[in-house]
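Comments concern the structure below.
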Amino acid sequence: MDTDPAPLLRFNRVSKTFGAVTAVASVTCSVGHGEFVALVGASGSGKSTLLKMVNRLVDPDQGQVTFDSSDVRDAPLAALRRRIGYVFQGVGLFPHMTVAENIGIGPKLEGQSANRSRIGELLELVELDASYAQRMPHELSGGQRQRIGVARALAGGPQLLLMDEPFGALDPVTRDGLGKRVTALHRQLGLTTVMVTHDMAEALLLADRVLVMEGGQIVADETPKSLLGGAGGAIAQGLVAVPRDQAHALSALEARPA
Ligand code: ADP
Ligand code: MG
């Protein structure tokens, strides 16, 4: 929170425009150590751009991002990215590399190599057997590929995990299982996590705190419980209405006599 004297991550009036489009408009907010934050909003609201400012895939035109009390622009890029795991929108595995090579790509770019036991350990974290190490990405299901994406993000032993719509392309059952696994890992590894999603139900169920973006700004910053209690304003409540109405409709259906 903004009252936290030393949050792990802080955006201080960051803005980014692309030509005539303002993707992020003077955002200020902080993420504390150990928080699991969901960043929710319509397509084009600026979620990915804000997330990418953290690991410098995008640099802001104005403002500053601090990670662990230092400006992200002050750290060497490789060192910064080792401390920040990133799960890409749409996975982005290299098709011509094995699972082990994909997982080890970060350490390798830094001249280190992830040995077999480390790869096995990372596979175990995402609940895949060590024998998957030698498979090629096309031999995996969508859910297994996304597990590899998560294992790759964890390979450097990061403090902060960023995920950009990590479960967007998965079927609901796989998505639910992987969501639960990621929240368990968040706790087990003591991570701080920021997850972009356009799905408010997923945000409410997985995160401790939900930020809602609209037109490049954060328009709500609430806990799931307060959002469900009606807080956060019209845009946030419009997003909450969708899963709530579905839940009510299902309950009514369940209660109906056979
Ligand atoms: P979201 O992730 O919420 O869908 P983005 O952060 O990807 O939103 O995009 C916010 C706005 O910035 C959109 O209008 C998008 O088209 C624009 N935008 C994002 N990245 C670029 C880019 N590299 N070049 C031009 N416009 C971009
Ligand atoms: Mg996006």
Point to revise | The listed residue being surrounded by fewer than 18 Cβ atoms within 10 Å (Cβ to Cβ) and touching a helix residue (DSSP H, G or I) at 6+ places or on another chain (Cβ under 8 Å), out of GLY85, GLY63, GLY92 | key: GLY92
Check your understanding: Under the condition of being out of contact with any Asp or Glu (no Cβ under 9 Å at 6 or more places or on another chain), closer than 14 Å to GLN89 by Cβ and touching a residue at least 60 places away in the same chain (Cβ under 8 Å), which residue from the stretch 50-76 is nearest to ligand 2 (Cβ to nearest atom)?
Key -> LEU50
Check your understanding: Any residue in the stretch 145-158 that is touching a helix residue (DSSP H, G or I) at 6+ places or on another chain (Cβ under 6 Å), of a type in the set (D, E, K, R), in contact (Cβ under 8 Å) with a residue 12 or more places away in the chain and not in a helix (DSSP H, G or I)?
Key -> no
Exercise for review: Go through the stretch 207-235 and give me each residue that's of a type in the set (Gly, Ala, Ser) and touching a residue at least 60 places away in the same chain (Cβ under 8 Å).
Suggested key: ALA207, GLY215, GLY216
**Study point:** Lone qualifier among VAL72, VAL87, VAL99 - being more than 16 Å from ARG147 (Cβ to Cβ) and aliphatic (A, V, I, L, M)
**Key:** VAL72
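Rundown of residues vs (1) within 16 Å of ligand 1 (Cβ to nearest atom); (2) modelled with pLDDT of 90 or more, yes/no style:
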| position | (1), (2) |
| --- | --- |
| GLN62 | yes, yes |
| ILE84 | no, yes |
| GLN89 | yes, no |
| GLY92 | yes, no |
| HIS96 | no, yes |
| GLY111 | no, no |
| ASN115 | no, no |
| VAL126 | no, yes |
| MET136 | no, yes |
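Residues checked against (1) in the same structural domain as ALA236 (by TED's automatic domain parsing); (2) within 14 Å of ligand 1 (Cβ to nearest atom); (3) open to solvent by 10 Å² or more (accessible area, probe 1.4 Å):
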| residue | (1), (2), (3) |
| --- | --- |
| CYS29 | yes, no, no |
| GLY32 | yes, no, no |
| PHE36 | yes, no, no |
| VAL54 | yes, yes, no |
| ASP59 | yes, yes, yes |
| ASP68 | yes, no, yes |
Study note, to complete from the structure: Taking the stretch 151-168 and keeping residues within 13 Å of ligand 2 (Cβ to nearest atom) and surrounded by 24 or more Cβ atoms within 10 Å (Cβ to Cβ) leaves LEU162, MET163, PRO166
Review point. For the stretch 10-23, how many residues meet the condition of being touching an Asp or Glu at 6+ places or on another chain (Cβ under 9 Å) and within 16 Å of ligand 1 (Cβ to nearest atom)?
Key: 4
Practice item. Can you confirm whether the stretch 144-156 contains a residue that is more than 30 Å from PRO76 (Cβ to Cβ), more than 21 Å from the chain's Cα centre (by Cα) and at pLDDT 90 or above? Key: no
Check your understanding: What's the number of the condition THR197 fails, among (1) within 16 Å of ligand 1 (Cβ to nearest atom); (2) polar (S, T, N, Q); (3) surrounded by 22 or more Cβ atoms within 10 Å (Cβ to Cβ); (4) farther than 19 Å from GLY142 by Cβ?
Key -> (4)
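The values are calculated or read from the model by the stated rules, or taken from the named source; none is laboratory data. Since this is a predicted model, take the numbers as computed values, not measurements. Glycine also receives a Cβ, built like all others from the backbone with ideal geometry; neighbour counts cover every protein chain displayed. SASA here: full protein model, heavy atoms, side chains in, ligands and nucleic acids out. Shrake-Rupley method; radii C 1.70, N 1.55, O 1.52, S 1.80 Å.
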